[in-house]
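Okay, structure first, notes after.
The values are calculated or read from the model by the stated rules, or taken from the named source; none is laboratory data. No experiment lies behind these values; they were computed from the predicted model shown. Backbone-built Cβ (ideal geometry, glycine too); neighbour counts: all protein chains shown.
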Amino acid sequence: MVLAQEITEDKTAELICQLHESGMTYKEIADNVGVHLRTIMRWGKGTHKPIHAPLINTGLQHLLTVKRC
C-alpha cells in the first residue's frame, strides 16, 4: 500500500525535474525555495525527502506556473 506522504514526496522530485527541464538551474530553484543547492539535488534524485513536502511542493508548483507564463 502506498501512503499519501510517499506520493507527495515523489511529487517533489518530479516538480524539481520539470523546473530543471524548463530551463531553471538547480541553484535558481534552491534560491527560490530557500534551501541549499545540495538539498535540491538530493530531493531531485530522491535520496532525501523534504520534511514539509506539501509546503515545498506548493512552492515548486508556483515556480513552475510562473516559469510557464
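Can you tell me which residues in segment 38-63 are surrounded by fewer than 17 Cβ atoms within 10 Å (Cβ to Cβ) and either outside any helix (DSSP H, G or I) or touching a strand residue (DSSP E or B) at 6+ places or on another chain (Cβ under 7 Å) (or both)?
Of everything in segment 38-63, those that are surrounded by fewer than 17 Cβ atoms within 10 Å (Cβ to Cβ) and either outside any helix (DSSP H, G or I) or touching a strand residue (DSSP E or B) at 6+ places or on another chain (Cβ under 7 Å) (or both) turn out to be GLY46, THR47, HIS48, LYS49, ILE51, HIS52.
Of the numbered conditions (1) at pLDDT below 95; (2) surrounded by 14 or more Cβ atoms within 10 Å (Cβ to Cβ); (3) of a type in the set (Val, Ile, Thr), VAL35 satisfies every one except a single condition; which is it?
If we test VAL35 against (1) at pLDDT below 95; (2) surrounded by 14 or more Cβ atoms within 10 Å (Cβ to Cβ); (3) of a type in the set (Val, Ile, Thr), just (1) comes out false.
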